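Below: one structure, written as structure tokens.
The values are calculated or read from the model by the stated rules, or taken from the named source; none is laboratory data. What you see is a predicted model, and the numbers here were worked out from it, not measured in a lab. Counting neighbours? That spans all protein chains shown, and the Cβs are built from the backbone with ideal geometry, glycine included. All accessible areas refer to the heavy atoms of the entire protein, side chains included, with ligands and DNA or RNA removed. Shrake-Rupley method; radii C 1.70, N 1.55, O 1.52, S 1.80 Å.
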Amino acid sequence: MGRRRALILQKRQVLVFFVLLGLSQASAESLRYSVAEETEIGSFVANLARDLGLGVAELSSREARVVSDDNKKHLFLNLLTGDMLLNERLDREELCGSTQPCVLPFQVVLENPLQFYRAELHVRDINDHSPTFLDKEITIKISESTTIGATFLIENAQDLDIGSNSLQDYSISPSSYFYVKIHDSGDGKIYPELVLDKALDHEEESELRLALTALDGGSPPRSGTTLIVIKVLDINDNAPEFAQSFYEVQVPEDMPIGSSITAISAKDLDMGIYGKISYSFLHASEDIRKTFEINPTSGEVNLRSLMDFEVIQSYSVNIQATDGGGLSAKCTLSVKVLDINDNAPEVIMSSVTKAIPENASETLVALFSVRDQDSGDNGRILCSIQDDLPFILKPSFKNFFTLLSEKALDRESRAEYNITITVSDMGTPRLTTQHTIRVQVSDINDNAPAFTQTSYTMFVYENNSPALHIGTISATDKDSGSNAHITYSLLPAQDPELALASLISINADNGQLFALRALDYEVLQAFEFHVGATDRGSPALSSQTLVRVVVLDDNDNAPFVLYPMQNASAPCTELLPRVAEPGYLVTKVVAVDRDSGQNAWLSFQLLKATEPGLFSVWAHNGEVRTTRLLSERDVPKHRLLLLVKDNGDPPRSASVTLHVLVVDGFSQPYLPLPEVAHVLTLYLVIALASVSSLFLLSVLLFVGVRLCRRARAASLGGCSVPEGHFPGHLVDVTGTGTLSQNYQYEVCFTGGTGTNEFKFLKPVICWGGTTQSTGLEPGW
């Protein structure tokens with residue numbers, strides 16, 4: 001096997017067809033090193049850092065490595081020291097065979113930037129092989145009539161060593177009949193020839209046994225021995241003769257085993273046994289004997305094993321024809337092996353990057369070499385990858401290629417690439433080899449989190465329980481890993497009066513929003529804030545969205561009666577003329593509800609009355625009207641109990657009590673109550689006294705007041721407005737209830753001779769500091 005590989009390296013010629021655009025990246029000078037074969041593993045060869053003029057740190061940072069042409073790891077580079085060491089025992093005979101010198105080319109590859117240095121390792125031979133004879137016993141038939149000085153060819157010994165360690169001399173055991181003569185063939189090999197020194201006598205000695213020893217030139221020398229058996233024959237005076245001394249045939253390497261290659265023939269003029277010729281190989285190597293066989297009778301040469309052009313391109317076979325008397329002749333058969341395209345191209349990966357960052361351009365993905373063991377067009381190679389990928393192939397040095405990313409990649413568009421390197425030769429038929437590299441695109445933080453909605457609106461009923469989950473904010477990030485891990489946070493509120501931290505909290509991991517305390521619709525109907533989503537990339541990216549929380553009203557406020565006032569010291573009494581027509585408006589109950597919507601829709605209901613059929617209440621506006629004419633039988637004083645109810649679920653209500661006094665007329669009312677009569681009498685006495693004493697002053701004041709009222713009426717469009725407002729707890733702060741904060745009411749009474757006339761309420765509407773009276777009269 002070692003000799004076959006030697007012939008491979010010596011005779012193979014492989015042509016690779018590609019353009020070497022990267023030769024400029026390789027060093028112009030080659031580094032040469034030498035090491036003896038069979039040197040121990042780990043032995044020092046050279047310091048590459050010193051030889052390349054680089055520091056050890058630079059050698060390590062540029063990821064220096066040694067790449068052999070045969071893709072075997074003969075050498076090992078220690079990046080910590082810059083020393084190049086033997087990675088395996090080297091057998092020169094196995095690596096180079098008989099080729100001298102034995103040179104193992106390799107390259108030193110540096111990255112960032114990519115750079116090549118050519119180098120050679122010379123393997124020196126040591127004397128580790130002894131000469132050997134393929135035949136343990138050699139038989140030679142010699143006629144007794146052979147003249148002194150005749151020479152006889154002997155099979156030579158084989159020595160795998162070269163140079164001074166190779167075969168140098170032959171010797172023979174002491175004999176009075178023969179001595180050894182050494183013949184130099186001119187190709188560096190020596191062959192022994194047995195020379196007859198004394199005439200043979202068959203009758204005296206028919207067989208001789210001699211020991212032939214082969215010596216090499218090593219120190220100490222090694223030797224090999226074989227036995228030569230000489231059979232002395234009777235006289236044979238004609239040797240065989242070949243028709244020609246040189247034969248040449250061409251054989252395709254895929255010829256089947258057992259096929260006939262050619263037939264060799266020789267003639268002998270002798271008769272009988274001396275004219276009978278036998279054919280055999282002469283000086284045949286082990287490879288020849290394994291590959292070919294010859295028919296000893298017919299001289300037909302047949303194929304014994306398959307030939308391989310990539311191993312041996314030609315054979316030179318010496319054929320000997322020997323007659324029955326021992327005379328022989330030789331010829332040479334040259335067998336040329338024809339190459340066929342039986343070897344697919346090979347892809348040899350030197351380095352592969354499994355993951356590259358998505359923002360990097362022209363990143364080294366793989367470094368590889370290609371080769372085809374065939375020759376001619378069968379060995380010319382084309383290398384390519386898919387056209388639709390953002391990667392390019394560049395020839396670098398000799399038969400090396402680099403696979404680079406053509407531009408920056410986007411992991412979010414495509415996270416993985418399967419790059420198929422296709423290598424095909426130019427033979428017929430073409431043979432193709434494919435090698436697939438899977439490249440992962442590693443993520444960088446180039447995408448900010450994106451919310452699923454541009455804004456969120458969440459609804460929560462007031463009076464909620466604390467820590468109530470009111471909704472979830474969700475954002476996604478196209479990145480992966482920590483770059484896609486999102487953290488949610490509340491951003492500072494734009495309204496400085498909004499205490500957002502006391503209202504809302506957010507789960508930083510899943511975006512769930514919680515109301516920290518109970519909300520009150522009457523205080524806060526809605527509020528807005530921003531939520532931020534930040535990833536954990538470096539640098540971190542973020543985005544924000546608007547969240548609007550709408551507080552829904554709950555029916556948590558009962559109606560409040562504004563009129564008649566329920567907290568007065570004396571009950572309010574409404575006056576009803578006895579001559580009032582049916583449908584006469586007695587009074588109107590005014591109520592408000594701080595809630596909103598249907599929770600603030602009020603309805604009025606008469607629960608109880610002194611005369612059930614005399615009065616009715618309009619359910620929607622609270623007007624109390626008569627349902628029929630009054631008769632003399634009707635009592636003069638009536639007490640009405642009204643219920644004011646909202647439309648909430650469940651509904652809330654308030655009750656109000658009305659006192660109605662039936663009078664014959666507003667000028668002469670019937671006042672049965674003694675305290676009322678007393679008050680009226682007191683008012684009358686005071687009025688009479690003041691009229692007489694202050695008449696003139698009253699006239700002046702009257703004129704001034706009339707002028708003042710006329711001026712104010714011109715500016716306000718109504719009667720005077722009392723100062724101040726109703727208390728805040730009586731007002732609907734939302735403006736959506738029965739009465740809003742923008743309403744005031746004017747109540748006017750006229751003084752008389754004991755009869756007070758009620759003037760119905762007038763809502764006074766205020767816009768921007770201006771007060772206007774609606775001037776509502778009875779029946780509004």
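For region 248-273, the candidate set comprises residues that are of a type in the set (Gly, Ala, Ser), assigned to a loop (DSSP other than H, G, I, E, B) and over 16 Å from TYR315 (Cβ atoms); within that set, the residue that is nearest to the chain's Cα centre (by Cα) is GLY258. Out of PHE451, PHE397, PHE401, PHE459, one residue alone is in contact (Cβ under 8 Å) with a residue 12 or more places away in the chain, touching a Cys at 6+ places or on another chain (Cβ under 7 Å) and not β-branched (Val, Ile, Thr). It is PHE401. Inclusion of ILE473 among residues that are of a type in the set (A, V, I, L, M, F, W, C) and more than 13 Å from ASP535 (Cβ to Cβ) is warranted. Anything in region 535-549 that is open to solvent by 30 Å² or more (accessible area, probe 1.4 Å) and over 16 Å from ALA508 (Cβ atoms)? List them, or say none. Passing the criteria: SER538, PRO539, LEU541, LEU546, ARG548. The lone criterion from (1) among the aliphatic types (A, V, I, L, M); (2) open to solvent by 50 Å² or more (accessible area, probe 1.4 Å); (3) under 40 Å from the mean Cα position of the chain (by Cα) left unmet by LEU513 is number (2). Among the residues of region 160-181, those that are open to solvent by less than 30 Å² (accessible area, probe 1.4 Å) and in a loop (DSSP other than H, G, I, E, B) comprise ASP161, ILE162, SER166, TYR177.
Condition check ((1) at pLDDT below 85; (2) open to solvent by less than 20 Å² (accessible area, probe 1.4 Å)) across all residues:
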site: LEU54; (1), (2): no, no
site: MET84; (1), (2): no, yes
site: ASN87; (1), (2): no, no
site: GLN100; (1), (2): yes, no
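Would you check which residues across region 244-259 are open to solvent by 50 Å² or more (accessible area, probe 1.4 Å) and more than 15 Å from LEU306 (Cβ to Cβ) and list them? GLN244, SER245, PHE246, GLU248, GLN250, listed by residue number. Checked against (1) within 30 Å of ASP339 (Cβ to Cβ); (2) modelled with pLDDT of 90 or more; (3) assigned to a loop (DSSP other than H, G, I, E, B), THR297 passes all but a single condition, namely (1).
Within region 300-326, the residues that satisfy the criterion of being among the aliphatic types (A, V, I, L, M) and either exposed (fewer than 15 other Cβ atoms within 10 Å of the Cβ) or closer than 30 Å to ASP339 by Cα (or both) are VAL301, LEU303, LEU306, MET307, VAL311, ILE312, VAL317, ILE319.
Select from region 184-204 the residues that are open to solvent by 60 Å² or more (accessible area, probe 1.4 Å) and modelled with pLDDT of 85 or more and list them in ascending order. Correct list: ASP197, LYS198.
Here is the figure for region 106-127: residues that are in contact (Cβ under 8 Å) with a residue 60 or more places away in the chain and assigned to a strand (DSSP E or B) total 13.
Yes/no per residue for (1) at pLDDT 90 or above; (2) closer than 30 Å to GLU522 by Cα:
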residue: ASN399; (1), (2): no, no
residue: GLY427; (1), (2): no, no
residue: ASN463; (1), (2): no, yes
residue: THR476; (1), (2): yes, no
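Scanning region 450-495 for residues that are touching a Pro at 6+ places or on another chain (Cβ under 8 Å) and outside any loop (DSSP other than H, G, I, E, B) yields ALA475, THR476, ILE486. In the set ILE235, ILE277, only one residue is open to solvent by 50 Å² or more (accessible area, probe 1.4 Å), touching a residue at least 24 places away in the same chain (Cβ under 8 Å) and under 27 Å from THR147 (Cβ atoms); that residue is ILE235.
ILE444 meets the stated requirement of being part of a loop (DSSP other than H, G, I, E, B), of a type outside the set (Lys, Arg) and touching a residue at least 40 places away in the same chain (Cβ under 8 Å). Residues in region 371-404 that are surrounded by 15 or more Cβ atoms within 10 Å (Cβ to Cβ) and within 14 Å of MET426 (Cα to Cα): ARG371, ASP372, GLN373, ASP374, SER375, ASP377, ASN378, GLY379, ARG380, ILE381, LEU382, CYS383. Listed by first and then second residue, the pairs with beta-carbon distance under 6 Å, at least 6 apart or on different chains, first residue in region 210-232 and without any contact (Cβ under 8 Å) to a residue 40 or more places away in the chain, second among the β-branched types (Val, Ile, Thr), are LEU210/ILE172; LEU210/ILE228; ALA211/THR225.
Consider VAL45 carefully, then state whether it is within 37 Å of the chain's Cα centre (by Cα) and either under 23 Å from PHE400 (Cα atoms) or of a type outside the set (Lys, Arg) (or both). Taking the combined requirement at face value, the residue does not satisfy it. Given the condition part of a strand (DSSP E or B), within 21 Å of SER68 (Cβ to Cβ), of a type outside the set (Lys, Arg) and open to solvent by 20 Å² or more (accessible area, probe 1.4 Å), answer yes or no: does some residue in region 331-346 qualify? Yes - at least one qualifying residue is present in region 331-346. Does ASN463 qualify as being surrounded by 18 or more Cβ atoms within 10 Å (Cβ to Cβ) and either more than 30 Å from ILE381 (Cα to Cα) or among the aromatic types (Phe, Trp, Tyr) (or both)? For ASN463, the condition - surrounded by 18 or more Cβ atoms within 10 Å (Cβ to Cβ) and either more than 30 Å from ILE381 (Cα to Cα) or among the aromatic types (Phe, Trp, Tyr) (or both) - is not met. The single residue among VAL685, VAL635, VAL660 that is in contact with a Leu (Cβ under 9 Å, 6 or more places away or on another chain), modelled with pLDDT of 65 or more and of a type outside the set (Gly, Ala, Ser) turns out to be VAL660. Looking across region 587-615, the residues that are within 24 Å of ARG628 (Cβ to Cβ), surrounded by 21 or more Cβ atoms within 10 Å (Cβ to Cβ) and in contact with a Lys or Arg (Cβ under 9 Å, 6 or more places away or on another chain) come down to PHE604, LEU614, PHE615.
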